[in-house]
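Structure first, then comments.
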Amino acid sequence: MRYGKNAGKGTLSVWGGEERVFADNTTQVPVFLGVAHAYEDLDEWIDVSLGKKPGHIYGRNTNPTVHVFEEKVRLLEGAEAATSAATGMGIISGVLCALLSSGDRVVSVKDTYGGTSVMFNEFLPRQGVISSLCDTTDHEAIEREIAKGCKLLYLETPTNPTIKIIDIARLAKAGHEAGAVVVVDNTFATPINQNPLELGADIVLHSATKFLGGHADVLGGVACGKADLVRKIYHYREINGASLAPMSAYLLLRGMKTLGLRIARQNENAMAIARYLEAHPAIDRVFYPGLESHTGHEIAKRQMRGFGGMMSFTLKGNSFETVRKFLPKLNLAHKAANLGAVETIAGVPATTSHVECTAEERKALGIPESLVRYSVGIEDIQDLIEDLDQALCGL
Ligand SMILES: Cc1ncc(COP(=O)(O)O)c(C=O)c1O
C-alpha cells in the first residue's frame, strides 16, 4: 500500500484507488474501451459473473477505468462502497428509483437542484411516491415531516443557488429515528470540505461534472455509502443503462488528481471575494457560508472543513435589468450554466439551477430577481477582485 489508512484528502485525491498495477507498469490508469472481457476458462467466467472472483464481464455493468474512479471517490468519502452513472442526474434519479417504491414517502427541501425537484414533483408522483418538500432551513418543520413517516430523507447542502446550509447530523438522526435512508447531495461542498457519511448520512452523492472533474469537460455522477444500499443503486443503473463512459471516468480521474489543491484555492478565493462583495456599495446581499452574516454560518463551521467555491449575491435595487448590465461586464468569468470548474463561472438561476422553473416558481422559492450565482475559480485573487470591481462600477 502506498499510503497509510489515515492518509489526507490531498494524498487520496492523487493516489486513491490507484493501487492496482496495470499492463506494462504504466503509471496512469488506462482507458479501457473494450465493451466485453473474455474468458477461456468457463469456471472463471462463471465465478466472475457471480461476483465470487474480482473482474469484469460487460461494460454496461462494470469497467476497470470506471472502477478506479468509483474507488477514488469512495476513499475520499470514507464509504463502504461506490457506484457511478453517466451524469449527476443519472445517479440522483437512480438513487431515488432504486430505493423508493409505490406508496413510499420522501421528505426533502424546496431548494434542491432544479432537476432533483423535477424528480420530486413530476416523475416520482407518477410512480406513486409522495414527496414532501419543506422550507430548506426550517429544521423543526423538516423534523415534523420526517416524524410523520418517511422512507427516504433527501438533503442537499450547501444548496443551489442561494447557498443555504442544512444541519446534516441533526436531520440524519431524525431520519434514522423514523427508519428513513438518509441521502445527501455533496456536489457543492466536495469531499474535501464535507463528509456527510461521517455526519450520519447513509448515501452521499455528487454531480462529478462539477468540482470533482473540475475542468468543465466531462459529465458524471457518483454515489457512495453502505454496501447494501449501493448494491441496489448499482443494480438499477446496470439495468437502466446510464453507465459512466470509460473516457469520462479517465477525465474525471485526471481532474481529481488536483482536487485537494483546487478546492483549497477555491475556498480561499471565495472567502476573500465574499468579504470584498459584502463591503461593496453596489451589492445588496452576499450568500456565502464562510461569512459571519450567513444564517447557516454556525452549522457550516461545525460540519464543513472549508466553505467551498460557490456563492451568490444580489445587486442593489434587486432588478433583473441591473443583472443584464452587470453580467456582460465580467471578463474573468464564463457566463454559463455550469459550476465547479477551474475558471470562474457566473450565471443567473433562470438559465442555470432553476431553468426548469417558471418565473413565478422561482419567486415562490424565494430566489431574488437580481441573484447572481458565482462559482469561484482558481485564478489569482487580485485579478478576480479587479474584474468584479470594474464590472460593479457605475451600476
Ligand atoms: C447540486 C447539483 N446536483 C446535481 C446536479 C446535476 O448534475 P449533472 O448536470 O451532472 O446531471 C447539479 C447540476 O448543476 C447540481 O448543481
May I ask you to list the residues in region 320-350 that are touching a Ser or Thr at 6+ places or on another chain (Cβ under 6 Å) and modelled with pLDDT under 95?
-> 322, 323, 337
Got at least one residue in region 331-347 being within 24 Å of residue 167 (Cβ to Cβ) and within 21 Å of the chain's Cα centre (by Cα)?
-> yes
So which residues in region 114-155 are more than 16 Å from residue 181 (Cβ to Cβ) and aromatic (Phe, Trp, Tyr), if there are any at all?
-> 123
Would region 98-121 turn up any residue that is out of contact with any Lys or Arg (no Cβ under 8 Å at 6 or more places or on another chain), surrounded by fewer than 19 Cβ atoms within 10 Å (Cβ to Cβ), assigned to a strand (DSSP E or B) and free of Cβ contacts under 8 Å to residues at least 60 places away in the same chain?
-> no
Out of all the residues in region 153-173, is one or more more than 30 Å from residue 285 (Cα to Cα), in contact (Cβ under 8 Å) with a residue 12 or more places away in the chain and more than 19 Å from the chain's Cα centre (by Cα)?
-> yes
Name the residue, out of 163, 192, 233, that is aliphatic (A, V, I, L, M) and at positive phi.
-> 163
Which members of region 7-29 meet the condition of being exposed (fewer than 15 other Cβ atoms within 10 Å of the Cβ) and touching a Leu at 6+ places or on another chain (Cβ under 9 Å)?
-> 28
Unmet criterion (only one of (1) within 12 Å of the ligand (Cβ to nearest atom); (2) more than 26 Å from residue 248 (Cβ to Cβ)) for residue 95 = (2)
Within region 98-123, can you find the residues that are within 12 Å of the ligand (Cβ to nearest atom) and not aliphatic (A, V, I, L, M)?
-> 111, 112, 113, 114, 115, 116, 117
Could you run through region 266-320 and say how many residues are in contact with an Asp or Glu (Cβ under 8 Å, 6 or more places away or on another chain), surrounded by fewer than 24 Cβ atoms within 10 Å (Cβ to Cβ) and of a type in the set (A, V, I, L, M)?
-> 3
Quick one: which strands (runs of 3 or more DSSP E) sit completely within region 129-245 and have at least 2 residues that are buried (at least 24 other Cβ atoms within 10 Å of the Cβ) and within 16 Å of the ligand (Cβ to nearest atom)?
-> 152-156, 181-185, 203-207, 221-225
Being among the hydroxyl-bearing types (Ser, Thr, Tyr) and either within 21 Å of residue 72 (Cα to Cα) or not assigned by TED's automatic domain parsing to the domain that holds residue 323 (or both) is the filter here, so list the residues in region 251-294 that pass it.
-> 258
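The values are calculated or read from the model by the stated rules, or taken from the named source; none is laboratory data. Bear in mind that the values here come from a model prediction, so they are computed numbers and not experimental data. Heads up, the Cβs are rebuilt from the backbone with ideal geometry, glycines too, and the neighbour counts pull from every protein chain shown.
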